[in-house]
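The structure appears below as C-alpha cells.
The values are calculated or read from the model by the stated rules, or taken from the named source; none is laboratory data. Since we're looking at a predicted model, the values are computed, not measured. Heads up, the Cβs are rebuilt from the backbone with ideal geometry, glycines too, and the neighbour counts pull from every protein chain shown.
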Amino acid sequence: MNTTEVKAFGAKSSDADLEQLTINRREVKADDVEIDILYCGVCHSDIHTVRNDWGGSKYPVVPGHEIVGRVLSVGKNVSKFKEGQLVGVGCMVDSCQECDSCKDGLEQYCENGMVGTYNGADKHLGGHTYGGYSEKVIVDQKFVLNVPENLDAKAVAPLLCAGITTWSPLRNWNIKKGDKVGVIGLGGLGHMGIKFAHAIGAKVVMITTSPGKSEDAKKLGAYEVLISKDQEQMADHKASFDFLLNTVPVKHDLNPYIGLLKRDAAMVMVGAIEPLEFHGGGLIAGRKSLAGSLIGGIKETQEMLDFCGEHNIVSDIEMINMQNINEAYERVTSNDVKYRFVIDMQSLKN
Ligand code: NAP
Ligand code: ZN
C-alpha cells in the first residue's frame, strides 16, 4: 500500500521525553476520511500510555485521541463527509461491527476488541496505530464525528474523550433534574462532568482534594464544593448522593466515597485503572454499586456533540504548542491544568 510520511510527536520509551518523529499514514481507501488535524487535546490517558502505567504500551507511542480537524479528502463510499468539513475523532478508529456491542452502538466494548486511536492494532499497515499528535490522520468514516460549526473548534477537542467519558455514564445511569451528583476530581474529565450534570439539571457537588479550585467549580456549575480531605464535611454529606462519578487517575481509598452514596446509588469509576481496595460492607449496607465506564459509543458521541452545539458547551482550555508537550505532561501530573491542554497543531506543521 502507498503511504505518506507525516510529522508527529511521540515517545520512544516509557522514560523518554516526547520528540518529533516521522510516521506513515495509509492511503485513502473507499470508506476513509483524510483529516488535516487542527487541534488535539491532552488527556491523562496519553501520559499513562507514554509512561506505560497500564502495561503493554507499544513504542513509539504517538498519543492523542481528542482530535479536531478539517476533511482533506474522502474515499468513494463516503457521502456523509465532504472536503472542508469540521470533524472530530475520539478514542477509537475501528471495531468489528458484528458483535452485540457493536450492533448496540457501543463499539468501545467491542467483543473482538476495538482499535484505539493510538496504541491499537493497525489493521491496515500492521504494527500499532498513531494518534492525533500529528499533522493528519486517515480514519474509517464510521469513526468520524461531525463537529457543530457554531462551537470554538479548539475547545471542542477535549469533548472527544473527556466529554464523552463523562456524558456516557450520566446518560446510562439516567441522571435527571434534581439528582444530587458528585463529581470526584476537578481535572479534564471532572470539569466536563460538572458542566454536563449541571446542564441536565442535577445538583452538582464538586468533590476535590484542592480547596483552591472551589471558585472555579462553582463557575463551572457546582452548587457546592466538598473537600474530600475534610472529615467533618464528608460526614455532613454521608449517604446523600444519588450518583458519584470518580475521575481520580491514581490508586486511592474508595471507602470514604462509598459512604457518601444513598441506598441503591452507584459510584462509577472512569479513572484509576489498577487494583483498588474497598470494604464490601460499605456496599452491602445500602445495596450500593461500584461500576465502571469506558468512553462512549459513536452514536452517543455524536449526540453529545450535538447537545454541546445546542447548549453552547465546550471545554475550558489552555493552548500549547506541540514543542511544549513535555512541560504540559509535568503540569498535568502535578495537578496544574485548568482544565485541559489543547495542542495547536499548526506549531508542528511550521
Ligand atoms: P486530570 O486532568 O489529571 O484530572 C484528575 C483529577 O483527579 C485531578 O485534577 C485531581 O482533582 C484529582 N486527583 C489527582 N490525584 C489525586 C489523588 N491522589 N487523590 C484524589 N484525587 C486526585 O486527568 P483526566 O484527564 O481528567 O483523567 C482522569 C482519569 O480518567 C485518568 O486516569 C484517565 O486515564 C482516565 N480516563 C478514563 C477514560 C475512560 O473511558 N474510562 C477516558 C479518559 C480518561 P482535584 O484537584 O479536584 O482533587
Ligand atoms: Zn482520553
Task: Among (1) out of contact with any strand residue (DSSP E or B) (no Cβ under 6 Å at 6 or more places or on another chain); (2) buried (at least 16 other Cβ atoms within 10 Å of the Cβ), the one test that residue 74 misses - done: (1)
TODO: Just one of (1) closer than 21 Å to residue 226 by Cα; (2) away from ligand 1 (no atom under 13 Å from the Cβ); (3) in a loop (DSSP other than H, G, I, E, B); (4) of a type outside the set (D, E, K, R) trips up residue 148, so point out which.
DONE: (1)
Open item on the list: Given (1) closer than 20 Å to residue 172 by Cα; (2) crowded, with 18+ Cβ neighbours inside 10 Å, identify the lone condition not met by residue 291.
Closed with: (2)
Open item on the list: Here's a check for you: in segment 254-272, which residue that is in a loop (DSSP other than H, G, I, E, B) and at pLDDT 95 or above is nearest to ligand 1 (Cβ to nearest atom)?
Closed with: 270
- [ ] Looking for whichever is on the phi > 0 side of the Ramachandran plot and among the β-branched types (Val, Ile, Thr) here; the options are 295, 320, 284, 258. Which one fits?
- [x] 295
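Among the residues that make up segment 66-80, is at least one of them of a type in the set (D, E, K, R), part of a loop (DSSP other than H, G, I, E, B) and either under 25 Å from the mean Cα position of the chain (by Cα) or within 16 Å of ligand 1 (Cβ to nearest atom) (or both)? Give the derivation first.
Initial filter on segment 66-80 (of a type in the set (D, E, K, R)): 66, 70, 76, 80.
Add one more test, that the residue is part of a loop (DSSP other than H, G, I, E, B), and what stays is 66, 76, 80.
From what is left, the residues that are either under 25 Å from the mean Cα position of the chain (by Cα) or within 16 Å of ligand 1 (Cβ to nearest atom) (or both) are 66, 80.
Scanning segment 66-80 turns up at least one residue that is of a type in the set (D, E, K, R), part of a loop (DSSP other than H, G, I, E, B) and either under 25 Å from the mean Cα position of the chain (by Cα) or within 16 Å of ligand 1 (Cβ to nearest atom) (or both).
Condition first: within 15 Å of ligand 1 (Cβ to nearest atom) and either surrounded by fewer than 19 Cβ atoms within 10 Å (Cβ to Cβ) or over 21 Å from the mean Cα position of the chain (by Cα) (or both). Can you find one or more residues in segment 303-317 that meet it? First the steps, then the outcome.
Step one: list which residues in segment 303-317 are within 15 Å of ligand 1 (Cβ to nearest atom), which gives 304, 315-317.
Keeping just the survivors that are either surrounded by fewer than 19 Cβ atoms within 10 Å (Cβ to Cβ) or over 21 Å from the mean Cα position of the chain (by Cα) (or both) gives 316.
Checking segment 303-317: at least one residue is within 15 Å of ligand 1 (Cβ to nearest atom) and either surrounded by fewer than 19 Cβ atoms within 10 Å (Cβ to Cβ) or over 21 Å from the mean Cα position of the chain (by Cα) (or both).
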Open item on the list: What's the number of the only condition in (1) modelled with pLDDT under 95; (2) over 30 Å from residue 51 (Cα atoms) that residue 275 fails to meet?
Closed with: (2)
Task: Conditions (1) among the β-branched types (Val, Ile, Thr); (2) buried (at least 24 other Cβ atoms within 10 Å of the Cβ); (3) under 19 Å from the mean Cα position of the chain (by Cα); number of the one not met by residue 47 - done: (2)
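Table: residues versus (1) of a type outside the set (S, T, N, Q); (2) touching a residue at least 24 places away in the same chain (Cβ under 8 Å); (3) in a helix (DSSP H, G or I).
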{"position": "164", "(1), (2), (3)": "yes, yes, yes"}
{"position": "182", "(1), (2), (3)": "yes, yes, no"}
{"position": "189", "(1), (2), (3)": "yes, yes, yes"}
{"position": "197", "(1), (2), (3)": "yes, yes, yes"}
{"position": "219", "(1), (2), (3)": "yes, no, yes"}
{"position": "226", "(1), (2), (3)": "yes, yes, no"}
{"position": "235", "(1), (2), (3)": "yes, no, yes"}
Task: Residue match in segment 102-113 (condition: without any contact (Cβ under 8 Å) to a residue 12 or more places away in the chain and surrounded by 15 or more Cβ atoms within 10 Å (Cβ to Cβ)) - done: yes
Task: Among (1) more than 16 Å from ligand 2 (Cβ to nearest atom); (2) hydrophobic (A, V, I, L, M, F, W, C); (3) part of a helix (DSSP H, G or I); (4) closer than 19 Å to residue 173 by Cα - the single one residue 304 does not satisfy - done: (1)
- [ ] Could you tell me which residue of segment 114-133 is surrounded by the most Cβ atoms within 10 Å (Cβ to Cβ), considering only residues that are out of contact with any Cys (no Cβ under 8 Å at 6 or more places or on another chain) and among the small types (Gly, Ala, Ser)?
- [x] 120
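Condition check ((1) out of contact with any His (no Cβ under 7 Å at 6 or more places or on another chain); (2) farther than 17 Å from residue 193 by Cα; (3) modelled with pLDDT of 95 or more) across all residues:
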position: 303; (1), (2), (3): yes, no, yes
position: 312; (1), (2), (3): yes, no, yes
position: 318; (1), (2), (3): yes, yes, yes
position: 323; (1), (2), (3): yes, yes, yes
position: 326; (1), (2), (3): yes, yes, yes
position: 332; (1), (2), (3): no, yes, yes
position: 339; (1), (2), (3): no, no, yes
position: 344; (1), (2), (3): yes, yes, yes
position: 350; (1), (2), (3): yes, yes, no
TODO: Hey, can you tell me all the residues within segment 17-36 that are touching a strand residue (DSSP E or B) at 6+ places or on another chain (Cβ under 9 Å) and not acidic (Asp, Glu)?
DONE: 18, 20, 21, 22, 23, 24, 25, 26, 28, 29, 33, 35
TODO: Report the residue count in segment 149-195 for those that are among the hydrophobic types (A, V, I, L, M, F, W, C), under 13 Å from residue 247 (Cβ atoms) and more than 16 Å from ligand 2 (Cβ to nearest atom).
DONE: 6
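Any chance segment 223-243 includes a residue that's within 22 Å of the chain's Cα centre (by Cα), over 23 Å from residue 173 (Cα atoms) and small (Gly, Ala, Ser)? Give the steps one after another, and end with the answer.
Filtering segment 223-243 down to residues within 22 Å of the chain's Cα centre (by Cα) leaves 243.
From what's left, over 23 Å from residue 173 (Cα atoms): none.
Scanning segment 223-243, I find no residue that is within 22 Å of the chain's Cα centre (by Cα), over 23 Å from residue 173 (Cα atoms) and small (Gly, Ala, Ser), so the answer is no.
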TODO: Mind telling me which of the residues 118, 130 ends up being within 19 Å of residue 1 (Cβ to Cβ) and assigned to a loop (DSSP other than H, G, I, E, B)?
DONE: 130
